[in-house]
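For reference, the structure is listed below as structure tokens.
The values are calculated or read from the model by the stated rules, or taken from the named source; none is laboratory data. All values reported here derive from a predicted model rather than from experimental measurement. No Cβ is skipped: glycine too gets one built from the backbone with ideal geometry, and neighbour counts run over all protein chains shown.
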Amino acid sequence: MSQNVVVIGGGPAGLVASRRLRDLGYTPILIEKEPMLGGHLARWDRLFPDGTEARSVLKPMLEDLDGIKYFTETEVLSINRLKDTWVVKFSNGLSAQVRAILLTTGFDLFKAEKKEEYGYGIYERVITNADMEAWFKSGATPQFDDVNVIGFVHCVGSRDEKAGNRQCSKVCCVTAVKQACELKERYPKATVYCFYMDLRMFGRKFEDLYLKAQKEYGIRFVRGRVSEVSEDIDGHLFVKAEDTLFGKPLKIKMDLLVLMAGMAPAAGTQALTRMMGIQTGEDGFFLPQSIVASPCTSSREGIFFAGTATGPKTIPETLGEADAAALAIDRYLKSLEK
Ligand SMILES: Cc1cc2nc3c(=O)[nH]c(=O)nc-3n(C[C@H](O)[C@H](O)[C@H](O)COP(=O)(O)OP(=O)(O)OC[C@H]3O[C@@H](n4cnc5c(N)ncnc54)[C@H](O)[C@@H]3O)c2cc1C
Ligand code: SF4
């Protein structure tokens, strides 16, 4: 008889791992707290580095759910160890007794309003990278008639001790460059600035996108932090920054400012940590047994991780880890039968 495995979080990691577990002969019980499966991928429009449509990546994940018991708008109420199993109670009244649980709870976008100096939630023309994706996805252009000068602020809530996160969120440099190019296609005459600390274009073809942004789209890259944003009487923005390469203070009138909010641990991470007696790192993400040698295995027997639940990752990295976690669970469950 096939064994159940509980998978918590129905984003790309949870979907791909569930399918892989099903293909290996298990019956995954996939729990998603939101009304829809798909996680953050369902919110993105076109993906870096090559503009692949997010929906074309998500569609096959959602089409092949045969053999997976999935429940949306469902959360975990309790998890308890009973002999060599875990007893999981869900908010929909169901429960499961399993030998393996996979945590694929992903990330939350850093709350940009916490960086008060940027005026997110106060000034209409200050938006986040996620708002920008929602605009692109809806096909709507920004509702402002004049979009002539646009700024992107990198590292919002990342690499920032004051925001409580020293780490790099990894995907926001390349997302800024991608979105800057996309805006330039919509507003060819606009002047677009990217304010960065340093550019982390680590992935395959990322550097090509950066060079294209400079050479073909004329995006202006300014090394320096934005220190203050204010609004004039017409609702336009005044952005103060320092160009640290030239040691020059800048004050630029802008029509739109896009904050590259970073990745923060998912809201329920601490509650799950307490229920299962596992650990999180200083950054608040789940901590595997070894971030080098066993990134999918927790410190407790039968608990596994995949995707951004253990820290910032791209979609290809997430999908690779989802497969790896399913194989690690298979190995673990087979080892119990010996
Ligand atoms: C602005 C932005 C743009 C990006 N663009 C790209 C791109 O172009 N290309 C690329 O490769 N990567 C991109 N990424 C990264 C990409 O979004 C992630 O790699 C991917 O979403 C990770 O998938 P995941 O399944 O680990 O997490 P998520 O997508 O966060 O999914 C986690 C799921 O778990 C659910 N969940 C959380 N907690 C619970 C709980 N307690 N109980 C039940 N369900 C729960 C959530 O609701 C969610 O559905 C981008 C990231 C950002 C911030
Ligand atoms: S990827 Fe770039 S914008 Fe994001 S935190 Fe790292 S350095 Fe900052």
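Would you check if there is a residue in segment 50-73 being in contact with a helix residue (DSSP H, G or I) (Cβ under 6 Å, 6 or more places away or on another chain), within 8 Å of ligand 1 (Cβ to nearest atom) and within 30 Å of M132 (Cα to Cα)? Checked segment 50-73: at least one residue is in contact with a helix residue (DSSP H, G or I) (Cβ under 6 Å, 6 or more places away or on another chain), within 8 Å of ligand 1 (Cβ to nearest atom) and within 30 Å of M132 (Cα to Cα). Of all residues assigned to segment 160-175, at least one qualifies as being part of a helix (DSSP H, G or I), among the β-branched types (V, I, T) and within 12 Å of ligand 2 (Cβ to nearest atom). Check segment 241-254 and report whether any residue there is of a type in the set (A, V, I, L, M), free of Cβ contacts under 8 Å to residues at least 12 places away in the same chain, under 25 Å from Q143 (Cβ atoms) and assigned by TED's automatic domain parsing to the domain that holds S158. For segment 241-254, residues of a type in the set (A, V, I, L, M), free of Cβ contacts under 8 Å to residues at least 12 places away in the same chain, under 25 Å from Q143 (Cβ atoms) and assigned by TED's automatic domain parsing to the domain that holds S158: absent.
Screening segment 316-334 for residues that are within 19 Å of V6 (Cβ to Cβ) and of a type in the set (G, A, S) and picking the one that is surrounded by the fewest Cβ atoms within 10 Å (Cβ to Cβ) gives A324.
Residues are listed down the side, and each one gets a yes or a no for (1) charged (D, E, K, R); (2) free of Cβ contacts under 8 Å to residues at least 60 places away in the same chain; (3) closer than 23 Å to T191 by Cα:
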| position | (1), (2), (3) |
| --- | --- |
| Y70 | no, no, no |
| I79 | no, no, no |
| D84 | yes, no, no |
| F90 | no, yes, no |
| D108 | yes, no, no |
| A134 | no, no, yes |
| K137 | yes, no, yes |
| V147 | no, no, yes |
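On the given criteria, is E34 within 9 Å of ligand 1 (Cβ to nearest atom), on the phi < 0 side of the Ramachandran plot and surrounded by fewer than 20 Cβ atoms within 10 Å (Cβ to Cβ)? Spelling it out, E34 is indeed within 9 Å of ligand 1 (Cβ to nearest atom), on the phi < 0 side of the Ramachandran plot and surrounded by fewer than 20 Cβ atoms within 10 Å (Cβ to Cβ).
Looking for something touching a residue at least 40 places away in the same chain (Cβ under 8 Å), closer than 21 Å to D198 by Cβ and crowded, with 21+ Cβ neighbours inside 10 Å - is there at least one such residue anywhere in segment 278-296? No, there is no match, as no residue in segment 278-296 is touching a residue at least 40 places away in the same chain (Cβ under 8 Å), closer than 21 Å to D198 by Cβ and crowded, with 21+ Cβ neighbours inside 10 Å.
Exactly one residue out of I303, I278, I329 is farther than 25 Å from L41 by Cα and either among the hydroxyl-bearing types (S, T, Y) or over 18 Å from the mean Cα position of the chain (by Cα) (or both), and it is I278. Note on segment 201-220: residues that are more than 20 Å from L250 (Cβ to Cβ) and in contact with a strand residue (DSSP E or B) (Cβ under 9 Å, 6 or more places away or on another chain) total 2. Among the residues making up segment 227-284, those that are within 25 Å of T318 (Cβ to Cβ) and hydroxyl-bearing (S, T, Y) are T269, T273, T280. The set of residues in segment 129-184 being among the small types (G, A, S), more than 16 Å from ligand 1 (Cβ to nearest atom) and surrounded by 19 or more Cβ atoms within 10 Å (Cβ to Cβ) consists of G151 alone.
How many residues are farther than 17 Å from L272 by Cα and within 27 Å of the chain's Cα centre (by Cα) if we restrict to segment 74-99? Qualifying residue count, segment 74-99: 1.
Mind checking which residues of segment 194-230 are in contact (Cβ under 8 Å) with a residue 60 or more places away in the chain, more than 16 Å from ligand 1 (Cβ to nearest atom) and closer than 26 Å to A140 by Cα? Within segment 194-230, V229, S230 qualify. Reported count of residues in segment 29-68, each being in contact (Cβ under 8 Å) with a residue 60 or more places away in the chain and within 15 Å of L102 (Cβ to Cβ), is 2. Does D198 count as at pLDDT below 95, in contact with a helix residue (DSSP H, G or I) (Cβ under 9 Å, 6 or more places away or on another chain) and of a type outside the set (A, V, I, L, M, F, W, C)? Here the answer is yes, as D198 does meet what is asked.
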